[in-house]
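So the structure is just underneath, and the comments pick up after that.
Throughout, read-outs are computed from the coordinates displayed, never taken from laboratory work. Everything quoted here is computed from the prediction, not taken from an experiment. Don't worry about glycine lacking a Cβ; one is built from the backbone with ideal geometry, like all the others, and counts go over all protein chains shown.
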Amino acid sequence: MSTTARRRLMRDFKRMQSDPPAGVSASPVADNVMTWNAVIIGPADTPFEDGTFRLVMNFDEGYPNKAPQVRFISQMFHPNVYNTGELCLDILQNRWSPTYDVAAILTSVQSLLNDPNTQSPANAEASTLYKENKREYHKRVRETVEKSWED
Amino acid sequence: MDSISEVSDPTDWLPTPLPLLAPVDSALRCQVCKDFYETPMITSCSHTFCSLCIRKCLSSDGRCPACREQDQASKLRRNWAIQEVVESFKTARPQVLDVAKRRENEEDGSPVQIKGRKRKWQDVGGEREDAEGARKAARQTRSQSRKATTSAISQDIVILDSEGDDDYDPSGEAEDYPQPGDGLVPCPVCGARMKEEAVWLHIERCDGNPPKKLSEARSITPQISASRHNRPPQPNLIPRLPQLNYSLLKDGALKKKFDDLGIPNWGSRELLIRRHTEWVNLYNSNADSSTPKSNRELLRELDLWERSQGGRAPARDALSKKKDFDGKAWMEGNKSQFDELIREARKKRQVPSKKEGQKEETANDAERSPNMPSALPGQLALSSTKKMPMFAMPSEPIRDGDGIEDSTQ
């Protein structure tokens, strides 16, 4: 069944293959173009540097009019990531636009890593440490980075 | 599912000697579906999308997907100019891409030896080190790419021009254009241009007709002009369906409307409203089209919607949304895919030339997060020690204090 969503996801896939943004990658799982696995490498010069963070993206037939559901499956320590790995990111919720594609989503998540929004914390502890104790925050983040290498 | 090799994409141009066509290709595509515009419509805020794409966006949140300005479907207007450009580009694309790819194969990494045109060719980006720059150019904004379009076109001409190499003889047509300072001379009989020493040999067998060499290139021109004159986009006379104010309609009246429209009227009220919205979008975008489909075809599309998003859609299994989703098990089950993805994501970070790599990184960072919070002193110190090559997965988890001297230089 070739629906709008599936055709668009094939395009997103082609784009991710032929010209991926730096430090991210993603591809659909073997038997289902509606579910993707993705990796974000922690950006240089941030506490997340060199982490290999894994994500799962779930699209439905409403895509791209509806945002996919994106979640980290690597353990994260970040003000805008819940313990479950789910993200609190405006462009995946009320600021979603059908012009976004997989590449755009992943670069947004990538830049969110070092640019958290402490107005809407999903992880209160991470948010407090980020604001009040950078050194400890940094240490906790590095723990998740090191853990991500072992996953 | 469509095969990925059948999907055309602006990035198709990047590995060819014509990477500057990537922004042209991209500018002719709808930002929503990423395919070439189909029945392009312009919004009140002057953004252009496929008719069906923008109608779906407006019916779901009433805003332009590009700038979030509020708009209404009734204010959409056709964009014939873009439609003509798209149609002619789509026709030309396979041929140009084919020529570009062949040229790339012939070139095989060595500088192209075309007399009198070598310099221009190199400007096109034939040198490998230009590839990165070209890719950046491909990401330029559309207004920037307008400049690129101009130069890409002139480069295109250069390449067609050079097809025939030394024996190349532009025919009589060339007389209409300023003659290039290529050191060639025209045959006094047929007007074809060639090397001076070749003229005498040529005159002996010249029958006064221009040589056939150009026939391939020439055959394109009539097609384009034909498509322009024979098939200008025409408005059709299908009236648009009005939006309904659902809250004013009781279930019975609503179902009656469905009968009048000839679409299925089963299901809950919520489903009926979604189905009607979909039908209005399908119907009205078809009415926008210069080549409308039959009603039967539209009903088939509504049925596809019914089976994918409507009342017959399979129950959703957004597995990772489930509360009991086991990320760890998923990670293990997909280990080989994740390992491959990590390799890919790292590959893109290593740029061959160190200087260029750093340049690109800063450019990207600026683009992504202009308001990056300033790092604390501790962070800065630590991150500077981290400036190590990304080539390999770190074998030791703790790398603090590694190569400070090397990296900070």
In Å, descending, principal axis extents of the Cα set of chain A: 52, 31, 23
Cα-projected label distance for residue B:270 with residue B:61, points at 7 Å along beta-carbon direction, nm: 2.0 nm
Long-range Cα-Cα pairs in the stretch B:25-65 (distance over 13 Å), rounded percent: 43 percent
Packing-based order for A:68-74, A:119-125, using average beta carbon neighbours within 10 Å, highest first: A:68-74, A:119-125
Cα centroid of the stretch A:113-151 to Cα centroid of the stretch A:1-27, whole Å: 30 Å
The stretch B:235-323, Rg to Rh (Cα coordinates; Rh as Kirkwood inverse mean 1/r): 1.04
19 Å tail of the calculated P(r), the stretch B:17-89, as % of Cα pairs: 31 percent
Average beta-carbon neighbours from other chains, 10 Å sphere, peptide A:126-137: 1
Principal-axis tilt of helix A:4-18 within chain A, Cα atoms, nearest 10 degrees: 60 degrees
Between helix A:134-150 and chain A: long-axis angle, C-alpha atoms, 0 to 90°, nearest 10: 50 degrees
In Hz, Karplus ³J(HN,Hα) per residue of the stretch B:271-278 (6.51, -1.76, 1.60; θ = phi - 60°; x = Gly, Pro): 5, 4, 5, 5, 5, 5, 4, 4
Order by protection proxy (mean Cβ within 10 Å, highest first), peptides A:86-97, B:327-338: A:86-97, B:327-338
